[in-house]
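To start, the structure itself, in structure tokens.
The values are calculated or read from the model by the stated rules, or taken from the named source; none is laboratory data. Keep in mind the model is a prediction, meaning the values are calculated, not measured. Methodologically, a virtual Cβ is constructed for each residue, glycine included, from the backbone with ideal geometry; neighbour enumeration extends over all protein chains shown. Protein only, heavy atoms only, side chains kept; ligands, DNA and RNA dropped before computing areas. Shrake-Rupley method; radii C 1.70, N 1.55, O 1.52, S 1.80 Å.
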Amino acid sequence: SLSACGKPTFGQMATLPQGSHGFAAMGALFFFMFLMLISGTMNTLLMKFMVMQKVPTGVNDPAVGFDHPYFQTLLMMIGEFLCLIAYYATTKHEDILKAQNVPNGVFLVACSFDWTATTLVNMAYIFIAASVVQMTRGAIVIFTCLFSVAFLGRRQHGFHIAGVALVAIGITLVSLSTFINPAADATTTGPSTTMASKLFGISLCIFAQVFQASMLVYEEKIMSQYTIPPLRVVGMEGLFGISVGLILLLGLNMCDVESTPAAIYQLENSGPLFLAVVGSICSIAIFNYAGVTVTQQASAVARSTIDVTRTILIWAVELAVGWNTFNALQLLGFLVVASGTMIYNRMLVIPALEPPSEAKALAISLRERSTGPPSA
């Protein structure tokens, strides 16, 4: 997942070179941001498209939905593994040797968090719309804030608390919107017409963010002790993810929890489903590869901007293809979540919420802008 691709300090922006090279670098950065936006949007929509397909699971079997969340997570790990191939193909040999002294257990722990979070989100696609999944994933801000205090000892300022509060309110509004939107039932493959199943889907997605936030904090606390290229982090987590996934699927198949042969049969007998799987693997690889460039050259602010825009795009596509209908409460919830995210990441700066020293500097800056610098 992209969360493995290096995480600059919130609000920190790298300085791009000036002149003609600066324009070229800026152009390349915007290209990768666009690539990240499109591939991330495609990945979410393709995951939803998969679970909407109804295909027989065997000869003379009835057509059923593609309900294989663990298998879908394995597909995502394959996409992440492609980043490891890209890393070795684009990195100098001496630089590769420098990054070899990292214990493999470090990647295994991060991979376990990622695997759990991704699988829970894949389960949620069965019950709720893709746009709702994307919006409720904003809960990661809440858990990251809590874990940063508990495990990193990081102090949270007023803008952090205000941002988290708004995200919580926004997610509540988005959750409520699913109970008054009958159109969402048409895009599901399970018993999602009930209020309980929709609530279950939302809970799965929010609970997934506990593990996603745990991975973020773990990577910052443990993995930051090593010098690891972000692309290698993603690729190694994908490699371990494939290994964990194969072992896990073996046990799940033996316990009749999930049927991988049935999933493969469905793929073999449905062209659209097969293309969606290939597309999802490619999109997650491109998403992570582009994300590495964005996080290295820009900041968490750029990441947050892309996430907000991605949510709008996902919702717009859902409305255009008839997977969802316009819901004013969902729109309000999204706006509140987006506002909270922007305040938390200091894209939207409110002087009253800033730390005292920074608030004073900001006030002076704003006053100089309006009246001009003081005369000598």
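Of a type outside the set (K, R) and either over 27 Å from L45 (Cβ atoms) or modelled with pLDDT under 85 (or both), is that true of T172? Here the answer is no, as T172 does not meet what is asked. Within the stretch 35-54, residues that are touching a residue at least 40 places away in the same chain (Cβ under 8 Å) and closer than 17 Å to P272 by Cβ have Cβ atoms under 9 Å from residues that are in a helix (DSSP H, G or I) and of a type in the set (D, E) in these pairs: L45/E318; K48/E318, counting only partners at least 6 apart in sequence or on another chain.
Return yes when I343 is over 16 Å from the mean Cα position of the chain (by Cα), β-branched (V, I, T) and surrounded by 21 or more Cβ atoms within 10 Å (Cβ to Cβ) and no when it is not. Criteria met by I343.
For the condition open to solvent by 40 Å² or more (accessible area, probe 1.4 Å) and in contact with a Leu (Cβ under 7 Å, 6 or more places away or on another chain), F81 qualifies.
The residues on offer are A165, A139, and the sole one that is within 22 Å of the chain's Cα centre (by Cα) and more than 26 Å from A285 (Cα to Cα) is A165. The requirement of being surrounded by 22 or more Cβ atoms within 10 Å (Cβ to Cβ), among the small types (G, A, S) and at pLDDT 85 or above is fulfilled somewhere in the stretch 187-205, by at least one residue. Residues in the stretch 48-91 that are assigned to a loop (DSSP other than H, G, I, E, B), farther than 20 Å from A129 by Cα and not charged (D, E, K, R): T57, G58, V59, N60, P62, T91.
Total residues in the stretch 146-167 satisfying the condition of being touching a residue at least 24 places away in the same chain (Cβ under 8 Å), open to solvent by less than 40 Å² (accessible area, probe 1.4 Å) and farther than 13 Å from M215 by Cα: the figure is 7.
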